[in-house]
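Here is the structure we will look at.
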């Protein structure tokens, strides 16, 4: 019966695609700056070459590193005015907010009809699925446990080796500080960059298996390794720029480009940003994993789903099929600084992306908290608030208690 349904669906799809290549399609995202915007525009241009009679409405919302866009999207979705498709991080950001309330269409049968279901890693398919159905198409894969550094300053200061241990990292930060530069660039105006630091410290302290167990309900958050993670965050705050709370992530990354700072822990969308500034990977900037996380791939994935009652549903499906293609994934990702979610797509000739693609295939995957993959939105918000409180007060016990309350509120283990 399932095979028959697939054959019927394929026939319907073929008919739909022939007669739906006109009209509009609204694509909602928060890609408005740096390599992200450039990648989006290049991809939409390529889509228009294939489907010149479909008018693309590029509905981007700037500000808040996605926070503003998510608020606008929620208002539209709950108000019965959805876009045709929208950017959303893989995992709980979609599942908790829109899938469980019944606002999304499953895409499993479409992926199979398009012949691409098995082109995505099983672990990633699991993250974008709920109760056995896929609800979004993965476009990008990012790694968020990466420390980028200014190679010119790194060498000028006399650093000769990328840090591999926590003590080596702290020693490097001390040398940078003594040389008069900002050791660790941070821009946590929107809270999540500081939360991203802490989540990666948690991966380092717990290890990938135990970190993942926190969110599978197999391990309690009331653990001394959480204390250690928060204590290390307090330690790092001695090395960040004093104006960190006034800066966005791009501003912090730019401090490296302007030869004002040496290190910046950021998702590898920063790699795309550096390239738009004219930097060459491996020459102007280098990278290494946050010490303690070398064997882990902390995953962030941008995906696109299909809302129920999409105004131009047929065109949305055409666009989603395009995003699932190696063509779209190979256009978008090298510009943004991400790797394709499809394992058979070309990551390009960028040495960072080639290395990252190999790590994606071979390392243990852990989901990001602050980018919506690991836990429901309520936990993410409270987690970021707890970290923001920690940054301000340096009170580890208070921050831990706030995280325990957040975990308890979403039925994760706390004892």
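The table below lists the values:
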read-out	value
Any pair with Cβ under 8 angstrom, 6 or more apart, that starts in the range 386-403 at a residue that is at pLDDT 95 or above and ends at one that is not in a helix (DSSP H, G or I)	387/191; 388/188; 388/191; 389/395; 391/188; 403/221
For residue 39: the one exception among (1) closer than 24 Å to residue 270 by Cβ; (2) modelled with pLDDT of 95 or more; (3) crowded, with 23+ Cβ neighbours inside 10 Å	(2)
Some residue of the range 304-326 being modelled with pLDDT of 95 or more, surrounded by 18 or more Cβ atoms within 10 Å (Cβ to Cβ), over 16 Å from residue 25 (Cβ atoms) and in contact with a strand residue (DSSP E or B) (Cβ under 6 Å, 6 or more places away or on another chain)	no
Boolean, residue 351 is touching a residue at least 40 places away in the same chain (Cβ under 8 Å), surrounded by fewer than 17 Cβ atoms within 10 Å (Cβ to Cβ) and either under 19 Å from the mean Cα position of the chain (by Cα) or assigned by TED's automatic domain parsing to the domain that holds residue 40 (or both)	yes
The listed residue being in a loop (DSSP other than H, G, I, E, B), assigned by TED's automatic domain parsing to the domain that holds residue 290 and under 26 Å from residue 96 (Cα atoms), out of 212, 190, 200	190
Index of the failed condition, residue 126 passing every other in (1) surrounded by 19 or more Cβ atoms within 10 Å (Cβ to Cβ); (2) not in a loop (DSSP other than H, G, I, E, B)	(1)
Members of the range 251-273 that are part of a helix (DSSP H, G or I) and modelled with pLDDT of 95 or more	251, 252, 253, 254, 255, 256, 257
Among (1) in contact with a helix residue (DSSP H, G or I) (Cβ under 7 Å, 6 or more places away or on another chain); (2) on the phi > 0 side of the Ramachandran plot, the one test that residue 309 misses	(1)
Hits in the range 344-362 (condition: touching a helix residue (DSSP H, G or I) at 6+ places or on another chain (Cβ under 8 Å) and part of a helix (DSSP H, G or I))	352, 353
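The values are calculated or read from the model by the stated rules, or taken from the named source; none is laboratory data. In this text the structure is predicted, and so the values were computed from the model without any measurement. Neighbour counts run over all protein chains shown; Cβ positions are idealised from the backbone, glycine included.
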